[in-house]
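To keep things clear, I will list the structure first and then write my remarks on it.
Bear in mind that the values in this text are calculations on the coordinates, not laboratory data. These numbers were taken from a predicted model, which means no experiment stands behind them. All Cβ positions, glycine included, derive from the backbone under ideal geometry; neighbour counts span all protein chains shown.
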Ligand SMILES: [Zn+2]
């Protein structure tokens, strides 16, 4: 919780936690459609992104990919593959450094530059940003909004940015599963050269995990779609999300 919200009475805090108010980040979608939002972070990456794309295609699933510009510059053809397969591209960051302790001007500048560079690469507008590690301060939130992007966080996670058993991953991804849930998963691992922590690359078949995640949600009667698609008929659920 941020210092500012700690000063509010409990009822106001509960309201803000549910509705987010002007300080809310998108954490889910309120929708009547039988779908959930599948998201992938940290790519594109050979061996990850290209393992997931055929699975999504075979299952008629679509996803939103929050990409790193360090990766986009290295693997432009993979980015093109994602786009041509009908998925949505959004910004994870210029690199994988946490933005929650950076000054306002710095976050504003790098986010505006990153948005422009990504829009240039894909030839269409970018709407969403997911801050690396989910780290967000009131300052970085305001700077991202001022740069013209909407912060998007998540609900269930596939627990695939570190080593875990498949059972642990599926337990986590089922926790909080439901209509309009925004599911966090990864098509890559951010290395030190991407500004990430590096050194802890998990061992997993990302294509196989994608298939298992789709199975788990299909059992609930839910199909995977992009955030923009889900919001075409649904409305965003906003929540206060400040952590560093
Ligand atoms: Zn990330």
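Table for the structure above
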item	result
All positions within the stretch 145-174 that are out of contact with any strand residue (DSSP E or B) (no Cβ under 9 Å at 6 or more places or on another chain), closer than 23 Å to residue 235 by Cα and not in a loop (DSSP other than H, G, I, E, B)	146, 174
Members of the stretch 154-169 found to be in contact with a helix residue (DSSP H, G or I) (Cβ under 6 Å, 6 or more places away or on another chain) and either more than 13 Å from residue 204 (Cα to Cα) or without any contact (Cβ under 8 Å) to a residue 40 or more places away in the chain (or both), listed by number	156, 157, 159
Yes/no for residue 160 being closer than 30 Å to residue 222 by Cα and within 15 Å of the ligand (Cβ to nearest atom)	yes
Condition broken by residue 116, with the remaining ones in (1) outside any helix (DSSP H, G or I); (2) surrounded by fewer than 16 Cβ atoms within 10 Å (Cβ to Cβ); (3) away from the ligand (no atom under 14 Å from the Cβ) satisfied	(1)
Residue within the stretch 123-144 that is more than 16 Å from the ligand (Cβ to nearest atom), under 16 Å from the mean Cα position of the chain (by Cα) and in a loop (DSSP other than H, G, I, E, B) present	yes
Qualifying positions in the stretch 181-206 - buried (at least 18 other Cβ atoms within 10 Å of the Cβ) and closer than 22 Å to residue 38 by Cα	181, 182, 183, 184, 185, 186, 187, 188, 189, 190, 204, 206
Close pairs (8 angstrom Cβ cut-off, 6 or more residues apart or separate chains): outside any loop (DSSP other than H, G, I, E, B) in the stretch 187-201, surrounded by fewer than 17 Cβ atoms within 10 Å (Cβ to Cβ) anywhere	192/198; 192/199
